[in-house]
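These notes concern the structure reproduced below.
The values are calculated or read from the model by the stated rules, or taken from the named source; none is laboratory data. All figures in this text were calculated on a predicted structure; none of them were measured in a lab. Here the Cβ is made from the backbone with ideal geometry for all residues, glycine too, and neighbour counts use every protein chain on show.
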Amino acid sequence: MRRRDRGYAFLCLLLIAGQVWVDLTMPDYMSDITRLIVTPGSAMSEIWIAGAKMLSCALGSAALSVIVGYFAARLASDFSYTIREKVFHQVTDFGAEEIKRFSTASLITRTTNDITQIQMLVAMGLQVMIRAPIMAVWAVLKIVGKNWQLSLVTAGAVAVIMTVILILMKLVLPKFRIVQKQVDDVNRVTRENLTGLRIVRAFNAEEYQETKFETANSNLMSTQLYTARHLAVLMPVITLVMSGLSLAIYWLGASLVNGIPVTGVSAVAERVQMFSEVVVFSSYAIYVVMSFMMMVMIFMMLPRAQVSAARIEEVLAAKPRVAEGKGTESSEKGSLSFRNVSFRYADASEECLKDISFDVKPGETIAFIGATGSGKTTLVSLAARLYDATGGSIRLDGKDIREYTFDQLYARIGYIPQKAVLFSGTVAENLTFGDAGHPITAEDWKAALDIAQAEDFVGNLPGESGASVAQGGTNLSGGQKQRLAIARAIARKPEILIFDDSFSALDYRTDAALRRRLSADLEGTTCLIVAQRIGTIKHADRIVVLDEGRMAGIGTHEELMRECGVYREIALSQLSQTELEAS
């Protein structure tokens, strides 16, 4: 908590204490007014003075309440801002494993809905959870020792309220834990439906998606109805107890007043004094019950906020498995080496990559091919350090990849994923996205557009490089998104370019033209290419063939055609023998 927030909290504490003191002073003036009214010979001016003091207390209490509400809202807003900032920065440090563990839908819910629950609790709790205990203790101190019968009735009312609260909390707290998970489910189904809207319509699956959403929504509604119905019992119970307490105090007070024998002036004075004490006791007893009623309001919010706080703490406490190193410099540039690298996903029973070893020289192009699920994407993800190898080592520019700071590591690497990801904004903003360790000039990204074969279609867009790009690039075709993603990586002028099946949406002509430009214009850049097409990779300096997570062969296209049966089978499944020989 920042120093300013601590100042707000301390100021709220002082103001709330002042408000409670003002509130609990009013019954004393009420007692004075009651005593003056029933006492013969009392001056009207005395009654007016006591009434004015009581009115001043009421107005002072209202003013303090407004001020406390303002500072509480400011503190809650600042507090939620701080938490949201911490959660966001923590999530940006997460690797692929952590994102998979929590899920995107859950992280969105935790960053929005869960933090909102805590903000509401702080805004109300700061006023109520501080005020209620102070008021309850102060009111009890005011009435303690005055009359044991009336004190016993008040204690009984408090015991009833506490019993009901404990029973209800026992019933609803487990359900609140379920509610937040069900909010995650609703969020997940909604995101799936919105992002896959075209597929849903194309497959006539609207009814299926509606049923899926209805199931998640109904589960959430049922749980919320359960908690709401149980918590709805609280307010009627509190109202009943307050009304019953007032009735019991006045009934018992009347019995106590009647119990004083009428014998002389002193007896009348005793009755007046007792009546005055009953009136004051009634006010203070109501304050005690009101304190618990205010705490009940917090108890209605507390279980869900507790669950939300635990979910946020789970995110903040998660330690990313991919930790940043401290090294920055290296004498080499553009080299990469895999040494007996193995990898297993956190939830997998066996390794998906086993004993992978190869070296890539600066400026060399190395390609990876294999059947679906052979580990191609996982392998280049290790090179980009989206994951850390579970066995062996990966060396970049002669140093273990884990020794680099993230800034230095990703300044060396240009990564183009399987699914091109674009951000809302303009074409130019997407091309200059991120920190490359040096300024990306207009000449840089224009040259990158030319190499990526994207210059023509960008020039035809309304506004050209200033054209708007929708979130996820949904207003562009698959091939256009891939070319912009390739241009974005090239504009960074990295030492190593990683193409993770990044040519799949391109036609053969564009694919060939792009590869020619890569060879001609990026001669000193090391390239790692994952592809399914033989035509895309056959001219690479070397090709690594993967089969069920192991290296089945490494060499040039001609060498692999002679020596590697797996590669030959893939090649012949795509091109005829004549086409292979001709190319």
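Computed quantities for the displayed model
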{"item": "Flag if residue 42 is at pLDDT below 75, in contact with a Leu (Cβ under 8 Å, 6 or more places away or on another chain) and either small (Gly, Ala, Ser) or not in a helix (DSSP H, G or I) (or both)", "result": "yes"}
{"item": "Residue within region 251-266 that is in the same structural domain as residue 293 (by TED's automatic domain parsing), crowded, with 16+ Cβ neighbours inside 10 Å and among the aromatic types (Phe, Trp, Tyr) present", "result": "no"}
{"item": "Qualifying position, being among the hydroxyl-bearing types (Ser, Thr, Tyr), more than 30 Å from residue 11 (Cβ to Cβ), assigned by TED's automatic domain parsing to the domain that holds residue 17 and crowded, with 18+ Cβ neighbours inside 10 Å, among 163, 154, 195", "result": "154"}
{"item": "Options 536, 526, 578; residue that is among the hydroxyl-bearing types (Ser, Thr, Tyr), modelled with pLDDT under 85 and buried (at least 18 other Cβ atoms within 10 Å of the Cβ)", "result": "536"}
{"item": "Residue in region 509-522 that is surrounded by 15 or more Cβ atoms within 10 Å (Cβ to Cβ) and not in a helix (DSSP H, G or I) present", "result": "yes"}
{"item": "Residue ID - farthest from residue 461 (Cα to Cα), chosen from residues in region 374-427 that are part of a loop (DSSP other than H, G, I, E, B) and of a type in the set (Ser, Thr, Tyr)", "result": "390"}
{"item": "Odd one out for residue 359 among (1) within 18 Å of residue 498 (Cβ to Cβ); (2) charged (D, E, K, R); (3) assigned to a loop (DSSP other than H, G, I, E, B); (4) without any contact (Cβ under 8 Å) to a residue 60 or more places away in the chain", "result": "(3)"}
{"item": "Unique residue being on the phi < 0 side of the Ramachandran plot, in contact (Cβ under 8 Å) with a residue 60 or more places away in the chain and acidic (Asp, Glu) when the list is 444, 507, 500, 456", "result": "500"}
{"item": "Selection status of residue 145, at pLDDT below 80 and surrounded by fewer than 16 Cβ atoms within 10 Å (Cβ to Cβ)", "result": "yes"}
{"item": "Residue in region 191-205 that is in a helix (DSSP H, G or I) and in contact (Cβ under 8 Å) with a residue 24 or more places away in the chain present", "result": "yes"}
{"item": "Residue check, residue 476 outside the structural domain of residue 196 (by TED's automatic domain parsing), crowded, with 16+ Cβ neighbours inside 10 Å and either under 39 Å from the mean Cα position of the chain (by Cα) or within 21 Å of residue 429 (Cα to Cα) (or both)", "result": "yes"}
{"item": "Selection within region 324-377 - crowded, with 20+ Cβ neighbours inside 10 Å and within 20 Å of residue 532 (Cβ to Cβ)", "result": "353, 356, 365, 366, 367, 368, 369, 370, 374, 375, 376"}
